[in-house]
Amino acid sequence: MAANEDQEMELEALRSIYEGDVCFRELSPVSFQYRIGESGDPKAFLIEVSWPETYPQTAPVISMDAFFNNTISSAIKQSILDKLMVEVEANLGTAMTYTLFEYAKDNKEVFMENQPVNTVTSVSNSISIGTPEVPPSKKKEKKEQLSKTQKRKLADKTDNKGELPRGWNWVDVIK
C-alpha cells in the first residue's frame, strides 16, 4: 500500500507542476509523456514514463517508442534511455518522474547532438520547419538592446520605478 500512496502523492505533484504545460500528457494515472523541445523543433523528442506497481522502489519503465520519435535514430534513442537509466538508479526509492523529465530537458542538446536534423522523409518539410524560426529570434534580440544614450533618455523621462511622470503627455493650451 505504501508504494501506491507514494504514487498518489507524486501523481498529484505532477498534475500541479505541469498544469497548463502543453508538453506534458497524462496517459493514465501511472503513465506519462513529456515532449522535450518545441513542436517544430527537429530535435524534439517524447519520453514516456510508466510506473510498475512497486514504483518508486523499482525503476519506472521509460520508453521512446512514441510515433513522435520516428525520425530519431535507434542508437540515439538507446543512448538517451541509457542516460535516463543512470538517473533512475541514482533516484531509486524516491519520486523521480519530474526529475527525469527535467533532466531530459536540461540535457536535450547533449542527447540530440549526434541526431542529423534532416532525417525527415521529405527534406523540403524539414527546411520549411527550420527556417522561419531563425529570423524572429534575431528580431527579438535587436529590440531588447538599447544604446547608452537611449537608456539615459528613457531614465530621464521616467521616475525611479520606470513610470512616466504624471502629465508627461499633457498639452499646454495657453501656447
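Evaluating 6.51 cos²θ - 1.76 cosθ + 1.60 at θ = phi - 60° for every residue in the range 37-48, the Karplus couplings come out as x, 6, 5, x, 6, x, 9, 6, 8, 10, 10, 10 Hz, glycine and proline recorded as x. Between Asn4 and Asn70, full extension at 0.36 nm per residue minus the direct alpha carbon distance yields a gain of 20.4 nm.
Give the calculated FRET efficiency between Cys23 and Trp170 to the nearest 0.05, with a Förster radius of 41 Å applied to their Cβ-Cβ distance. List each step's numbers first, then the result.
Numbers: r = 48 Å, r/R0 = 1.18.
Given R0 = 41 Å and the Cβ-Cβ separation, E is 0.25.
Normalised per residue, the accessible area of the range 1-111 is 53 Å², obtained with a 1.4 Å probe and no contribution from ligands, DNA or RNA.
Report note on the peptides 86-99, 10-23: ranked by the mean count of other C-beta atoms within 10 Å, highest first, their order is 86-99, 10-23. Pop the C-beta distance of Glu12 and Glu109 into the FRET formula with R0 = 45 Å and round what comes out to the nearest 0.05. About 0.90, to the nearest 0.05.
The values are calculated or read from the model by the stated rules, or taken from the named source; none is laboratory data. Quick caveat: nothing in here was measured; it's all calculated off a predicted structure. Cβ atoms come from the backbone with ideal geometry, glycine included; neighbour counts cover every protein chain shown. We work out accessible area using only protein heavy atoms, side chains counted, and drop any ligands, DNA or RNA first. Shrake-Rupley method; radii C 1.70, N 1.55, O 1.52, S 1.80 Å.
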